[in-house]
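Reading through the structure tokens given below for one structure.
The values are calculated or read from the model by the stated rules, or taken from the named source; none is laboratory data. Everything numeric here is computed off the predicted structure, so don't read it as measured data. Because the Cβ atoms are built from the backbone with ideal geometry, glycine has one as well, and the counts that use them run over all protein chains shown. Accessible surface is based on the protein model in full, side chains and every heavy atom, while ligands, DNA and RNA are left aside. Shrake-Rupley method; radii C 1.70, N 1.55, O 1.52, S 1.80 Å.
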Amino acid sequence: MIRPYNMATGAAPFDVLQVADIGDVPINTFDLKKSVAIITEYYRGVLAHGAIPLTLGGDHTLTWPILRAVKERHGPVALIHVDAHSDTNEHMFGEAVAHGCPFRRAWEDGCLQNDKVFQIGIRGTGYSPEDFDWGRKQGWTCIQAEECWWKSLTPLMADIRSRIGDAPVYLTYDIDSLDPAFAPGTGTVEVGGLTTHQGLEIIRGCAGLNLVGCDLVEVSPPYDPAGNTAVIAANFLYEMLCALPRVAEAAAKNRK
Ligand SMILES: [Mn+2]
């Protein structure tokens, strides 16, 4: 059988891991708050098998219930959060459960190692300076999009890896971190975003970390009639698979 092989990194995930598509995560279509509880319960079950969940979404709210289940299994985690938005709002339209709030909720639940939280690509029109600074006040590192322009992000990732060490890490990748020139198929596009090359540098730069889960969220295929956004998302999820500990370890050995 011919299995996919990552030409750039030497990773061959299907040679090293058992990989399964376990289908859709159950939700309550009519109640986001109930969905959060259902999602946490579901990931408890997934994690009980010793699996590393890679999730495609969908509303970024889902990272909060996943992080709750991850905390029960691994304790508080380091977080690499790639996004145009900080998603640390206390409320949206008075609601605590919304796609602009998941990292505030995760912080409240003690899911995060605050000195090991990295937000990359943050930009756009916020409602207050608080949008960027709230996380910094908690000890998080917020790398705004402008700091990423015209640069390779490989050195940044080397720095992040050294600061995270062997702590368990969760990678959450909002597709709107990318410039809409690449990925228009999302609900909250922001100009001045990352390139797909930088996205690859970030994800490949996670190789060597103790990744315990990843997600790729906020993809909305109907907003991109050409379909490229979904293709990028699928490729990025594959790259995450290639960066998982055992896969990256085997790839590093192969390169020697
Ligand atoms: Mn987001």
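Counting Lys and Arg as +1 and Asp and Glu as -1, what is the net charge of the other residues whose Cβ lies under 10 Å from the Cβ of Trp134?
Details: positive: Arg104, Arg136, Lys137; negative: Glu90, Glu130, Asp131, Asp133.
Around Trp134, the surrounding residues sum to -1.
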From the square roots a ≥ b ≥ c of the eigenvalues of the alpha-carbon gyration tensor of the chain, which class results: rounded (a/c under 1.5), prolate (a/b over b/c), or oblate? rounded
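Cβ under 11 Å from Thr196's Cβ, Thr196 left aside: what net charge do those residues give with Lys, Arg +1 and Asp, Glu -1?
Summing Lys and Arg as +1 and Asp and Glu as -1 gives -3.
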Between Val217 and residues 5 or more places away or on another chain, the pairs with built amide H atoms under 5 Å apart involve Gly57, Tyr173, Asp174, Ile175
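Students sometimes get this wrong: rank His49, His81, His74, His91 by accessible area, probe 1.4 Å, all chains present, largest first.
His49, His91, His74, His81
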Return a whole-number percent for the relative contact order of the chain, with Cα pairs under 8 Å and 6 or more residues apart as the contact set. 22 percent
Check cross-link reach from Lys33 to the lysines: straight Cα distance under 24 Å, and skip same-chain residues fewer than eight apart. Lys71
Which whole-angstrom value gives the distance between the alpha carbon centres of the stretch 217-256 and the stretch 1-37? 10 Å
Positive minus negative residues near Asp224 (Lys, Arg vs Asp, Glu; Cβ under 14 Å): -3
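Which of the peptides 212-219, 13-20 is most tightly packed, and how do the rest follow, judged by the mean count of other Cβ atoms within 10 Å per residue?
Ranking, from highest mean packing down: 212-219, 13-20.
Largest first, what is the accessible-area ranking of Trp107, Trp150 with a 1.4 Å probe?
Trp150, Trp107
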Using θ = phi - 60° and the Karplus relation 6.51 cos²θ - 1.76 cosθ + 1.60, list the HN-Hα couplings for the stretch 160-176 in order, rounded to whole Hz, with x at every Gly or Pro. 4, 4, 5, 7, 7, x, 9, 4, x, 10, 10, 10, 10, 10, 8, 4, 6
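Loop only per DSSP, at most 15 neighbouring Cβ atoms within 10 Å: give me the GluC sites (Glu not before Pro) in the stretch 1-96, ordered by residue number.
Qualifying residues, ordered by number: Glu90.
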Near the amide H of Ile143, under 5 Å away, which other amide H atoms are found, from residues 5 or more places off or on another chain, if H is placed in the peptide plane? Gln119, Ile120, Gly121, Ile122
Quick check on packing: order 249-256, 4-11, 196-203, 230-237 by the mean number of other C-beta atoms within 10 Å, highest mean leading. 196-203, 230-237, 4-11, 249-256
